[in-house]
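Everything on this sheet refers to the single structure shown next.
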Amino acid sequence: MDRIKKYILAALLVAIFLAAAVWAYNHWHQPQPVYMPQHQAETPQGIEAAANNAGMHISPGQAQEVSQAVQEATTRPPDQIIQTTGAGMPHALSSVQGGAQLQIVTDPSKPDQKPDKPTADQPVNLNVYNIKVYPKHLLEVTAYQNAADVAYMTRVTVFKRTGYLGPVVSYDADRAGSKVRVGVRLSVPLD
């Protein structure tokens, strides 16, 4: 029994170390903005190309949703206007990122061209689209000693946050009575 406890403790320590490493990487490694023409940002192919340039995967359905959101954003006033120059642009971009995994920058005055890099003292007037990429469905499988559960969840909005909701089936060999339980799982990010 002591040997099993040592394996469980080692596995727990490895899981904690990996979780800390992932958190640290995500905390200090912010995605770089992708500069592209406005017309390209309004197409699913353009969004997929921007995601590939940022080193992330995006599904065709997600690319379609994002391109529609970019098209809709051009018909309404901006959420925020920040006055800056070429020297202050990197700081301004990171300050409005707000946890987005993908940031697309376009020039509204030249919708068919990629934005030019401004000089240090040049005023900047660019469109910035911050995109949080969440898959539409999640499949979770968890295995324990003598137990397992499987959940299939769909993306939902809960308290103005993107979360996942769906059925879960659990099997526990050590449970007295019925070994299988069916329930509902809700996952909501806290940050």
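The values are calculated or read from the model by the stated rules, or taken from the named source; none is laboratory data. The structure presented is a predicted model; accordingly, all values stated were derived computationally and were not measured. Note that we place each Cβ from the backbone using ideal geometry, even for glycine, and neighbour counts take in every protein chain shown. Quick note on the areas: whole protein, heavy atoms, side chains included, nothing else; ligands and nucleic acids left out. Shrake-Rupley method; radii C 1.70, N 1.55, O 1.52, S 1.80 Å.
Numbers at a glance
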| quantity | calculated |
| --- | --- |
| Selected residue (criterion: modelled with the highest pLDDT) from residues of the stretch 132-143 that are within 13 Å of Y164 (Cα to Cα) and open to solvent by 100 Å² or more (accessible area, probe 1.4 Å) | L139 |
| Per-region count, the stretch 58-101, residues under 16 Å from A41 (Cα atoms), touching a helix residue (DSSP H, G or I) at 6+ places or on another chain (Cβ under 7 Å) and without any contact (Cβ under 8 Å) to a residue 24 or more places away in the chain | 3 |
| Enumeration of residues in the stretch 133-191 that are aromatic (F, W, Y) and either farther than 30 Å from V66 by Cα or assigned to a strand (DSSP E or B) (or both) | Y144, Y152, Y164, Y171 |
| Number of positions in the stretch 113-165 that are within 22 Å of the chain's Cα centre (by Cα), on the phi > 0 side of the Ramachandran plot and not hydrophobic (A, V, I, L, M, F, W, C) | 1 |
| Subset of the stretch 87-108 [touching a Leu at 6+ places or on another chain (Cβ under 9 Å) and within 20 Å of S59 (Cβ to Cβ)] | Q103 |
| Which numbered condition V105 misses (of (1) open to solvent by 70 Å² or more (accessible area, probe 1.4 Å); (2) part of a strand (DSSP E or B); (3) not small (G, A, S)) | (1) |
| Residue in the stretch 144-154 that is open to solvent by 90 Å² or more (accessible area, probe 1.4 Å), under 30 Å from N53 (Cβ atoms) and of a type in the set (A, V, I, L, M, F, W, C) present | no |
| Out of G183, G177, sole residue that is out of contact with any strand residue (DSSP E or B) (no Cβ under 9 Å at 6 or more places or on another chain) and surrounded by fewer than 12 Cβ atoms within 10 Å (Cβ to Cβ) | G177 |
| Unmet requirement for L165, which otherwise passes all of (1) open to solvent by less than 70 Å² (accessible area, probe 1.4 Å); (2) among the hydrophobic types (A, V, I, L, M, F, W, C); (3) at pLDDT 80 or above | (1) |
